[in-house]
Amino acid sequence: MAESTCVRIQARSSTSPDHLTVHLQPPFFWGRHHSRFERHRNACAVVTTGEAFPCGLLGGVPMNQHAVILGDGTMATALATTVARNGHDTILWSQDAQLVSSINHDHRHSRHFPSQRLPDRLGARNDLAAAVANAAVVIVAVRSERVRQVAEMAFPHLSKEAVVLSATKGVDVRTKHFMSQVIGEALHTSRLGIISGPNITIDIMNGSPTAILIAAEDPKVITVGQAYLESDSLKVFGSTDLNGIEILSVVKNIVAIAAGLAVNLGDNARSYIISLGLAEIQALAQKMGARPESSGGLADVGEIFLSSTSKYSRNHMIGVDIANGARLPALLAALEAINETAEGVNAVMVCRDLAQAAQIEMPLADCVYRILFENLPAEETLRAFLSDKKAAKWLRLAAA
């Protein structure tokens, strides 16, 4: 904080402004146990009243060190809860005014996890500029088709020093760019990374043991992300292979859909499809520049295992529902109604172009495309596909 800096605090308190508890101490941390403000190193705290603001934001950490999660879906909520439980003041940004009110006044997410009380350090705002101002960490957790727009809206108000992490495992259908590139273009920053690894949100909310991966070219970004996200139950690993980890994290969703489409073919067929898919996406990632050591870990094996088997995996359940007669447009509309999506659908659309650019064949991805977008019957199409040894091209090479 610069000399003689004045800080305007907005707080919701049951007491009068005269009794608001503020204490400034080196290096300018806010405490909760003093009914006056004091000078330290020529810094001055000026307390004023203003817009009601939940849960004492800016309390307990350096004033510019709060975190912001952009989005209000299950992943956004789970990550915001994690950061807040770790002792960091956290803002969840949402355009849903009723949801913002529910979080701020009832400490509940009225749409997701309504039975769980959210941490006191977690508040919500629908003013994007106010939410991101002076944030140290910004986690983007909106649908892939909205990432560029939201990032561009945030750009004028975002600190150049902020670390930005993408929790959206998707791809821009128009540009064929992954989210790290989309965010980098919109925010003009290199201080960014992605959150990868198997992470079903209900387990994160329940504090079940979970391992995730932050990938970033700058190791300092990984360190900051670990400081905000890691806890006793959530272990955060790091990789500087941003390109490779992101490819694996996104394209694996195709395998999750494929495993769901095979739900009526038996466990052997599903296991075969998962093996085919793993070999196929690893081949694509390597063609696109992924480091060999990025394969065989959380970003592909871990992600595929979870997203291809869990009932909480939206991509997997899209496949299951289509195999049982549902139509893709109706399924996507139902997800959109609760502000969720299945990012694997976009990955299926884009994967043909990625494979062509990498000069690689991806038979399973092509089969899934034909089922989803050409309305071929799932069971018959997959049965015919698996009977052809050409389907196992990359699996044979991996086993050789």
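Cα centroid separation, segment 347-378 to segment 212-249: 29 Å. Take every DSSP beta bridge whose two residues both sit in segment 167-300; close to 40 percent of them are antiparallel. Between Ala337 and Ala357, the distance separating the two model label sites (each 7 Å from Cα on the Cα→Cβ line) works out to 3.6 nm. Bridgeable aspartates and glutamates around Lys287 (alpha carbons under 18 Å apart, same-chain partners fewer than 8 residues away excluded): Asp241, Glu246, Asp300, Asp353, Glu361, Asp366.
Here, segment 56-240 is characterised by an Rg to Rh ratio of 0.93, where Rg is the alpha-carbon radius of gyration and Rh the Kirkwood radius. Taking 20 Å as the straight-line reach from the Cα of Lys311, the lysines in range (excluding those fewer than 8 positions away in the same chain) are Lys169, Lys252. What the Cβ-Cβ distance of Glu374 and Asn324 gives, at R0 = 25 Å and to the nearest 0.05, is a FRET efficiency of 0.85. The distance from the alpha carbon centre of segment 278-310 to that of segment 100-141 is 33 Å, rounded to a whole number.
Arrange Phe385, Phe178, Phe237 by Cβ neighbour counts within 10 Å, fewest through most, would you?
Phe237, Phe385, Phe178
Average the reciprocal distances over every distinct pair of alpha-carbons in segment 244-399, invert the result, and give the Kirkwood radius in Å. After inverting the mean inverse Cα-Cα distance, the result is 15.3 Å. For segment 98-176, what does the alpha-carbon gyration tensor say about shape, rounded, prolate or oblate, given a ≥ b ≥ c as the root eigenvalues, a/c under 1.5 as rounded, and a/b over b/c as prolate? It comes out oblate by the Cα gyration axes. Between the amide H of Gly238 and those of Ile214, distances stay under 5 Å, these residues lying 5 or more places away or on another chain, with hydrogens modeled in the peptide plane. Among Tyr228, Tyr272, the order by Cβ neighbours within 10 angstrom, fewest to most, reads Tyr272, Tyr228. Close amide H partners of Ile69, meaning residues 5 or more places away or on another chain with modelled amide H under 5 Å apart, are Ile91, Leu92, Trp93, Ile139.
We did not get these values from a lab; they are worked out from the coordinates using the rules stated. All figures in this text were calculated on a predicted structure; none of them were measured in a lab. Here Cβ is always computed from backbone atoms with ideal geometry, including for glycine, and neighbour counts include all displayed protein chains.
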